[in-house]
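**Q** Before I ask anything, here is the structure I am working with.
The values are calculated or read from the model by the stated rules, or taken from the named source; none is laboratory data. Every value quoted in this text rests on a predicted model; they were computed, and no experiment measured them. Cβ placement follows ideal geometry from the backbone for every residue including glycine, while neighbour counts extend to all protein chains displayed. Heads up: the accessible areas ignore ligands, DNA and RNA and are worked out on the full protein's heavy atoms, side chains in. Shrake-Rupley method; radii C 1.70, N 1.55, O 1.52, S 1.80 Å.
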Amino acid sequence: MNDRQDENNNKALWNSFLSGDDTAFGLLYDTYLNRLYAYGLHFTSNRELVKDCVQDLFVKLYVNRKRLKPVDNVKVYLYQSMKNTLFNLFKKEVEHYQIDSIEPVFCIELSAEAQLIESEQLYEQKKRIARMMEHLTPRQREALYYRFAEELSYEEICRLMKMNYQSVRNLIHRSVLKIRSAATGESKKNGNIEYSDENKLSNI
């Protein structure tokens, strides 16, 4: 099933959920539980906090079902809701400090679990990509993750990052250029390592 069919199915489930179908809600929960958990871990290493946020998000969706509306993209809506939930928790944790604003900082880390379940070649490739990503700012890493790993459109990234269209395009373009520069430097350093296609970022 391609992404468009998948999203159409999820929109149908969402609309059924809004109409009072608890089975549709259960299917949405099963579909996005692990995705939202993995997404949340890009902003904090506190696994219990992320688990609580995911559960809180689904509880709020269920309780507020009658006030919710149809959405263009279920995944983007849920990711945006998850990010906002984390943001609100982070704000509460720093209220006693003299800080005007705080944002979840996007990061990409490779877990020990990933090393155990993936082939050595794939894991090494991911490690090389992760090293290159270290040259980027958190906002640049976040934008590339949405574009290449989640395969979101520029318009969808705009919604998640609260940026205008041209700013998102510029951010991703500059990020890719910086990645290519880092890749070239590492290739020269290691002699026989080549990175010819930024689409390898989709392996993250």
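**Q** Using r as the Cβ-Cβ distance of Ser153 and Glu48, and R0 as 41 Å, what FRET efficiency do you calculate, to the nearest 0.05?
**A** E(calc), rounded to 0.05, equals 0.80.
**Q** Also, quick follow-up: Once you put a point 7 Å from the Cα of Asn64 and another 7 Å from the Cα of Lys91, both along the Cβ direction, what distance in nm separates them?
**A** Here the answer is 1.3 nm between the modelled labels.
**Q** Could you work out how much longer the chain between Arg139 and Gln166 gets when fully extended? Use 0.36 nm per residue separation minus the Cα distance between them, nm to one decimal.
**A** That pair, Arg139 and Gln166, stretches by 8.2 nm at full extension.
**Q** Okay, moving on. For each pair in Lys60/Lys162; Lys69/Lys91; Lys83/Lys162; Lys11/Lys66; Lys66/Lys162, compute the distance between the two Cα atoms and list the pairs where it is over 19 Å.
**A** As for pairs spanning more than 19 Å Cα to Cα, those are Lys60/Lys162; Lys69/Lys91; Lys66/Lys162.
**Q** Also, I was wondering about something else. Please work out whether segment 1-72 counts as rounded, prolate or oblate from its C-alpha gyration tensor, where a ≥ b ≥ c are the square roots of the eigenvalues and a/c under 1.5 means rounded, while otherwise a/b larger than b/c means prolate and anything else oblate?
**A** Oblate, since a/c reaches 1.5 and b/c is not below a/b.
**Q** Taking only protein heavy atoms and a 1.4 Å probe, what accessible area per residue, in Å², does segment 1-82 have with all protein chains in place?
**A** Here the per-residue accessible area is 57 Å².
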